[in-house]
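Notes follow the structure.
What follows is calculated from the coordinates using simple rules that are stated; it is not laboratory data. Being a predicted model, the structure only gives us computed values, none of them experimental. No Cβ is skipped: glycine too gets one built from the backbone with ideal geometry, and neighbour counts run over all protein chains shown.
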Amino acid sequence: MNFPFRPHIRSIAPYSTARDDYKGGDISVWLDANESPYDNGVNRYPDPHQKALKQAIGRLKGVETDRIFIGNGSDEAIDLCFRLFCEPATDNVVAISPSYGMYTVSAAVNNVEVREVALGEDFRLPVEGLLEAADAHTKLMWVCSPNNPTGNAFSRADLEKLADSFEGMLIVDEAYVDFSAKGSMLPLMERHPRLIVLQTLSKAWGMAGLRLGLAFAHPEVAAAMAHIKYPYNVNGPTQAEVIRRLSVEPHDAHVAEVCSERSRLATLLPQLACVRKVWPSDANFFLVEVDDADSVYNFLVDHGIIARNRNRVPLCHGCLRITIGTPAENDRLLAVLNRY
Ligand SMILES: *Cc1c(COP(=O)(O)O)cnc(C)c1O
């Protein structure tokens, strides 16, 4: 495939480790990496290819391991996409607005222009606007679905229209996909080689502290990302702990509880005097328009509750973004807001 990689990327020789030379075999003495020989559980470098972890993730998602990139959070995958495809000060990317802040932060760090296209009425995906904003230097298109901070997921038909028409890489960030009935773009990957799907263990899977993000892509793209990453980007305890948790701790019960709390809050929040509108959510948070966002935000802080003030974000004037907590935490939120 002819992917729009930066021209110099193909000629980079990646950092190599001597351990790549040993394909199994009976090695019991490791004197190649200047590690400490005293076993304390973390004295050895972790597997830079994360082979066992990729097999566990592949089984879980029904994806071949050569289509999987594992990063130190999705944030690493986001940054690597800029470094892999975008020539600083020359190329640009197109993104929906408002959306996740890391796309513009990473773009700025890499000196890449972001062309933001506002969501349409009721936060609909501006398919034509996104395509019109792209030119010959547009390497990436960023769409987050379900979108942060608006909470809505976009239709698969609209996302596929983008995949069909855009000539660069379409990146669909599915950090909240486990909470959405609209489903994932993963089954479309084989039909759309320039599609990259991002997911994470930080939200529904309850492992934000371990830092593990996933990119699913064409094998050539996944290999190119692995080619330029830090060799030991996912540490040993994280690799082992994620494998252990994926085998023993299904997250379905927690996701189901969050979704049932989402229905409850969708009914109860609009009944509060200070709430003007609760936007429909396909995620584990609500965008809530209130009478005076700064004042309600401060009132919540004074009562020990932190929400996210989105008052100064485009199209989110007057809004707070509120994560769905445990039933008891949500009761507390409702009680405090009721006293505002
Ligand atoms: C929370 C979030 C992520 C997760 O980032 P990690 O680095 O994997 O923790 C990714 N994308 C969006 C849109 C998010 O809201």
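Give the aspartates and glutamates whose C-alpha is closer than 15 Å to that of Lys161, dropping any in the same chain fewer than 8 places away, or say none.
Output for Lys161: Glu128, Glu132.
Working from Cα positions, state the angle (0 to 90°, nearest 10) between the long axis of helix 156-165 and the longest principal axis of the chain.
Relative to the chain, helix 156-165 is tipped by roughly 50 degrees.
Got a sec? How would Trp205, Trp142, Trp30 order by Cβ neighbour count within 10 Å, fewest to most? Kindly include the intermediate steps, with their values, before the conclusion.
On the way: Trp205 21, Trp142 28, Trp30 14.
Fewest-to-most Cβ neighbours within 10 Å comes out as Trp30, Trp205, Trp142.
For the chain, with a Gaussian network of springs between Cα atoms less than 10 Å apart, report the residue from Ala175, Ala77, Ala133 with the top mean-square fluctuation.
Ala133
Sorted from fewest to most neighbouring beta carbons within 10 Å, what does the list Val29, Val301, Val177 look like? Mind dumping the intermediate values first?
Values: Val29 6, Val301 12, Val177 24.
So the residues, fewest neighbours to most, are Val29, Val301, Val177.
Take every Cα pair under 8 Å in the chain that's 6+ residues apart, average their separations, divide by the length, and report that relative contact order as a whole percent. Don't jump to the answer; show the numbers that get you there.
Numbers: 561 pairs, mean separation 57.8, N = 340.
Once normalised by length, the contact order is 17 percent.
Quick check: Cα centre of the stretch 311-335 to Cα centre of the stretch 176-254, how many Å?
27
Sort Asp173, Asp331 by Cβ crowding within 10 Å, fewest neighbours at the top. Each step should come with its number before you reach the end.
Values: Asp173 27, Asp331 14.
In order of increasing Cβ crowding within 10 Å: Asp331, Asp173.
Count neighbours as other Cβ atoms within 10 Å of each site's Cβ, and list the trypsin sites (Lys or Arg not before Pro) in the stretch 261-298 that are DSSP loop with at most 12 such neighbours.
Details: sites: Arg262, Arg264, Arg276, Lys277; in loops: none.
Answer by residue number: there is no such site.
What share of the DSSP beta bridges in the stretch 9-248 is antiparallel, in percent to the nearest 5?
Values: 8 of 27 bridges.
The antiparallel fraction comes to roughly 30 percent.
What share of Cα pairs, in percent, lie more than 26 angstrom apart in the chain? List each step's numbers first, then the result.
Values: 30833 of 57630 pairs.
Here the tail beyond 26 Å accounts for 54 percent of pairs.
How far is the Cα center of the stretch 66-110 from the Cα center of the stretch 1-58, in Å?
Using only Cα atoms to place each centre, the spacing works out to 24 Å.
Pop the C-beta distance of Ala253 and Arg308 into the FRET formula with R0 = 30 Å and round what comes out to the nearest 0.05. Each step should come with its number before you reach the end.
Numbers: r = 26 Å, r/R0 = 0.87.
E(calc), rounded to 0.05, equals 0.70.
Using a basic spin-label model with each label point 7 Å from the Cα along Cα→Cβ, how many nm lie between Ala136 and Ala335?
According to this spin-label approximation, the distance is 6.4 nm.
For labels at Val42 and Asn235 in the simple 7 Å Cα→Cβ model, what's the distance in nm?
In this crude label model, Val42 to Asn235 measures out at 0.4 nm.
What dipole magnitude, in Debye to the nearest 20, does the stretch 9-248 give about its Cα centre under +1 on Lys/Arg Cβ and -1 on Asp/Glu Cβ? Numbers along the way, then the final one.
On the way: 23 positive and 31 negative charges, 134 e Å.
It comes to approximately 640 debye.
In cubic angstrom, how much convex hull volume per residue do the alpha carbon atoms of the stretch 97-170 span?
Values: hull volume 5.9 nm³, N = 74.
Per residue, the Cα convex hull of the stretch 97-170 comes to 80 Å³.
Exactly which GluC sites (Glu not before Pro) in the stretch 1-98 are in a DSSP loop and have at most 16 other Cβ atoms within 10 Å? Working shown, then result.
Numbers: sites: Glu35, Glu64, Glu76; in loops: Glu35, Glu64.
Filter output for the stretch 1-98: Glu35, Glu64.
Divide the volume of the convex hull of the Cα atoms of the stretch 251-338 by its number of residues and quote the answer in cubic angstrom per residue. Walk me through the intermediate numbers first.
Working: hull volume 7.9 nm³, N = 88.
About 89 Å³ per residue, rounded to a whole number.
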